[in-house]
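Have a look at the structure below, then the notes.
The values are calculated or read from the model by the stated rules, or taken from the named source; none is laboratory data. Nothing here was measured: the structure is a model prediction, and the numbers come from that model. Here the Cβ is made from the backbone with ideal geometry for all residues, glycine too, and neighbour counts use every protein chain on show.
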Amino acid sequence: MTLPPTGSESLLLHNPLFDAEKRWPAPDPVVWSFHRRMPAYLATTLFDCPELARKYGVKRVLVKAETQRLGLPSFKILGASWATYRALCDHLGFEPEPWLNINDLARRISYLKPFALAAATDGNHGRAVAFMARLLGFQCHIFVPAGTVPARIHAIQNEGAAVTVVEGDYDAAVARSAEEASDRCLVISDTSWPGYDVTPRRVVEGYTTIYMEIEQALRSAGIPDPDVVVVPVGVGAFMSATVSYFRSRAWKGALVGVEPADANCVQASAAKGEMTAVPGPHSSIMVGLNCGLPSPVAWPRVSTGVDWMISIGDHRARQGMQELASAGVVAGETGAAALGALAALYEDASAAEFRERGLLGPDKTLLLIVTEGATDRGNYQAVVGRPPEEVGTLLTLSR
């Protein structure tokens, strides 16, 4: 499979492994119930963006804006919080119920201290794990790959975590974080390796809350299910949650995964028919997607449940940031990838097959998942031309 140079036209793949008849278990609503006990829980906004719908010639563009979730600028806390809780239950050997809120839970398990959490990250997952550790009164150690921008490191440190920069890429940081596991430290990873897959599965489960909220919002507004859903893909954990929701029933729409041109490990793996590494360095501004190998836990769902995969250059991410800002939605580089993918699907010659199959048109409703807000404020202002506060939707509230 030939990769397009960063900044060039996109590369589209109609997934040869897609199985339209494959069904996965529906998400467990107990996960959503857990999140409603987290501090300051509110469902993030599902925006209806008529300007974008007109631009891209479709009936409706819906944007689920994960720009402010439980006080953090991304959706990652959903997976990190649920996975941490379940890992603690396993460590304790019992459920520390009843508890009303996170402070109550922290008091119930305070006898564990000194205790720590650890994780690898390219930004948002590690900050979410650090946030959860702070809420529980635990120590935290986060490992980041070389080249991680200072703003992301400082955000993690501001949650009280120690941060170590690992020479190498994201996968090197993952390997280093695995060494922290002990009786006094739980590793909360969103990707898996041999002998470690339970916690990554729970990270995936945690993300399904997003789709419970979307379902409720659509039903309340009388809007039918979307025809096309576009989701940023890194190692595949969030896309695995997406597949779990949409492929648990007879939904006839299309799932589209988007990756950077030089870190399209899921797309390359689907083209080859098996998990395949895409060597680094991975230098896209879509840093949350700079992953070289799919998660083995996510791969079975992603490989059979996603019917289209597209890789894009950084110019499409910048375009997505700018167009979302015009629509009143703050989106960081990674978060804007879904709209960048829509632009490529609509405009690029490489995506002609997608259009020819009638997946874009005046009768279609598209759902885009924006997975992060302005996590690098300096770069956000450089791309958009104004700070996030002036866009008007730095904090999102449920309708």
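For every residue, the table says whether it meets (1) in contact with a Ser or Thr (Cβ under 9 Å, 6 or more places away or on another chain); (2) modelled with pLDDT under 95.
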| site | (1), (2) |
| --- | --- |
| Arg219 | no, no |
| Val228 | yes, no |
| Val231 | yes, no |
| Gly234 | yes, yes |
| Ser244 | yes, no |
| Arg247 | yes, no |
| Glu259 | yes, no |
With the condition kept exactly as written, say whether any residue in the stretch 357-371 is over 19 Å from Thr44 (Cα atoms) and assigned to a helix (DSSP H, G or I). no
Within the stretch 39-59, the residues that are in a loop (DSSP other than H, G, I, E, B) and either touching a residue at least 60 places away in the same chain (Cβ under 8 Å) or aromatic (Phe, Trp, Tyr) (or both) are Pro39, Tyr41, Leu42, Ala43, Thr44, Thr45, Cys49, Tyr56, Gly57, Val58, Lys59
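crowded, with 24+ Cβ neighbours inside 10 Å and in contact with a strand residue (DSSP E or B) (Cβ under 7 Å, 6 or more places away or on another chain), is that true of Val370? Steps first, answer last, please.
Values: crowded, with 24+ Cβ neighbours inside 10 Å: yes; in contact with a strand residue (DSSP E or B) (Cβ under 7 Å, 6 or more places away or on another chain): yes.
When the stated conditions are applied, Val370 passes them.
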Complete set of residues in the stretch 73-102 that are surrounded by fewer than 24 Cβ atoms within 10 Å (Cβ to Cβ), closer than 30 Å to Glu389 by Cβ and touching a helix residue (DSSP H, G or I) at 6+ places or on another chain (Cβ under 8 Å): Ile102
Mind checking which residues of the stretch 4-55 are among the charged types (D, E, K, R) and touching a Lys or Arg at 6+ places or on another chain (Cβ under 7 Å)? Lys22, Arg23, Asp48
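Is it the case that Ala146 is of a type in the set (Gly, Ala, Ser), at pLDDT 95 or above, out of contact with any Leu (no Cβ under 8 Å at 6 or more places or on another chain) and within 24 Å of His282 (Cα to Cα)? Show your work before the answer.
On the way: of a type in the set (Gly, Ala, Ser): yes; at pLDDT 95 or above: no; out of contact with any Leu (no Cβ under 8 Å at 6 or more places or on another chain): yes; within 24 Å of His282 (Cα to Cα): yes.
Judged against the criteria, Ala146 is not a match.
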Qualifying positions in the stretch 43-72 - modelled with pLDDT under 95 and farther than 19 Å from Val391 by Cα: Leu70
Failed criterion for Trp24 (all others in (1) under 30 Å from Met275 (Cα atoms); (2) in a helix (DSSP H, G or I) hold): (2)
May I ask you to list the residues in the stretch 227-239 that are over 21 Å from Ser284 (Cβ atoms) and in contact with a helix residue (DSSP H, G or I) (Cβ under 8 Å, 6 or more places away or on another chain)? Val229
For the structure I just gave you, tell me whether Gly328 is touching a Gly at 6+ places or on another chain (Cβ under 8 Å), more than 19 Å from Tyr56 (Cβ to Cβ), modelled with pLDDT under 95 and not assigned by TED's automatic domain parsing to the domain that holds Gly168. no
Answer yes if at least one residue in the stretch 8-26 is modelled with pLDDT under 95, within 21 Å of Ser240 (Cβ to Cβ), of a type in the set (S, T, N, Q) and surrounded by 14 or more Cβ atoms within 10 Å (Cβ to Cβ), and no otherwise. no
